[in-house]
1. Taking the stated definitions as given, is R17 under 17 Å from E234 (Cβ atoms), surrounded by 14 or more Cβ atoms within 10 Å (Cβ to Cβ) and of a type in the set (K, R)?
2. Look at Y324 and say whether it is in the same structural domain as E186 (by TED's automatic domain parsing), assigned to a helix (DSSP H, G or I) and in contact with a Lys or Arg (Cβ under 8 Å, 6 or more places away or on another chain).
3. Cβ contacts < 9 Å: first residue over 20 Å from I148 (Cα atoms) and assigned by TED's automatic domain parsing to the domain that holds I121, restricted to region 95-109; second residue assigned to a strand (DSSP E or B) and of a type outside the set (V, I, T), any location; separation 6+ or different chain. Result?
4. Against the conditions (1) touching a residue at least 12 places away in the same chain (Cβ under 8 Å); (2) touching an Asp or Glu at 6+ places or on another chain (Cβ under 9 Å), where does M321 fall short? Just the number, please.
5. Restricting attention to region 156-176, which residues are within 26 Å of G330 (Cβ to Cβ) and at pLDDT 90 or above?
6. I'd like the full set of residues that are assigned to a loop (DSSP other than H, G, I, E, B), more than 20 Å from R17 (Cβ to Cβ) and touching a residue at least 24 places away in the same chain (Cβ under 8 Å), limited to region 161-179.
7. Counting residues that are buried (at least 19 other Cβ atoms within 10 Å of the Cβ), which strands (runs of 3 or more DSSP E) fully inside region 67-147 reach at least 2?
8. So which helices (runs of 4 or more DSSP H) stay within region 205-298 end to end and still have 1 or more residues that are in contact (Cβ under 8 Å) with a residue 40 or more places away in the chain and crowded, with 21+ Cβ neighbours inside 10 Å?
Amino acid sequence: MDVLIIYQYCTFGGVERVVLNRAQAFKTSDYNVHLSVGYLHDSGALKSFQDYISEHGLNNHLKAFLISNSTNLNYDAYDYIFIIDTPQVFGQIQNVDNVFIECHTSYIENRQYLGNIPENIQGIIVPSKSFRSLILDEFSQLPPVFVIPNPVPENFYSFDSHAEIYFVKRPITYFGRLDSWKNYDEALRIFSYFSNDPDKMFIIIGNGADDKKILKSLEKDGLLAKSLLRSGIEFDHATYLINLVKAHKGVFISPSKGESFGLSVAEFMCGGVPVLVSKIPAHEELLEDDEKFLYPLGDLQTAKKKITQIFQNWETYSVKMTEYAQKFRGHQFLKAWDEFINTNRRSED
């Protein structure tokens, strides 16, 4: 089976990780599925993405390339075409069948295109039940909406017991975009409650983490001297980061205002790192409504209290994370994939 995926930008982001994780699940379970990912633009991550494919032996299940004006795509050569939040190409596929939209964007303005989609779109794929409910509330007269959850590879569940200890402090970690929707400002305000705690440090990873604005904000709140900043990490280094945080018995936080799934949260959970996340539908779904790991947006005192409780009960809560994370294993994704294919099987099959 050949599947074409079209996406706007190749970044070190969640969509790329989702595609890699799907390919790994197909390989692990010996599925005859080949994904071809065509990007409209390279935002500096394409080579790393391609290197990951090669180094992890995924070439038989995944390839990635740039779609240019000279690219002659034979859409009929693919069994399915998935367009991930890229309405720019609707005009090119208006006469093609078996086209589906994948909606992953949590940014409200970026999914307004769902209000005016071509008639040939057969359905919409989303990564969670909560996000399905959200878009069905937001838009009327949508085609069928299918849930295919994001898988997390098995190597995210494995902890390196020999991981080195680099720091004497325990990290509170933020890993994501540094924008208002991901709500990094609130993460920094939460950090500030621990600025005088000699046992705590901060890890901030996201594009622009070393910008002057961030540095000045950290310095103003007395956080800079105990913060580790990185503008980004390669696709292959996510498990290293999770192992690093776990080895130091740290906590991961996400104060996001909205998510379609929450893949970074899921990955840290798989690694046994306790999380504190905003109380939004996607996060509630990930944590199975466990209030120990959820806080109301803007309620910094509650966030501080719960982070303190997590540190105090770290070993017990680490085990709880791995229990909740079992639903992210590849077989759950493959079950949903099979149901989707069986429901939308091409007539010539």
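The values are calculated or read from the model by the stated rules, or taken from the named source; none is laboratory data. Just so it is clear, the structure is predicted and the values come from calculations on it, not from any experiment. Glycine gets a Cβ as well: all are built from the backbone with ideal geometry, and neighbour counts include every protein chain shown.
1. Values: under 17 Å from E234 (Cβ atoms): yes; surrounded by 14 or more Cβ atoms within 10 Å (Cβ to Cβ): yes; of a type in the set (K, R): yes.
Criteria met by R17.
2. Values: in the same structural domain as E186 (by TED's automatic domain parsing): yes; assigned to a helix (DSSP H, G or I): yes; in contact with a Lys or Arg (Cβ under 8 Å, 6 or more places away or on another chain): no.
Judged against the criteria, Y324 is not a match.
3. Partner pairs satisfying both residue conditions: D97/Q122.
4. (2)
5. F156, Y157, T173, F175, G176
6. The first filter runs over region 161-179 and keeps only residues assigned to a loop (DSSP other than H, G, I, E, B), leaving 161-169, 176-179.
Okay, now just the ones that are also more than 20 Å from R17 (Cβ to Cβ), so 161-169.
Within region 161-179, A163, E164, I165, Y166, F167, K169 meet the criteria.
7. Details: elements: 80-84, 99-102, 121-126, 145-147.
Of the strands (runs of 3 or more DSSP E) lying wholly inside region 67-147, those with at least 2 residues that are buried (at least 19 other Cβ atoms within 10 Å of the Cβ) span 80-84, 99-102, 121-126.
8. On the way: elements: 212-220, 238-247, 263-270, 281-286.
Correct list: 238-247, 263-270, 281-286.
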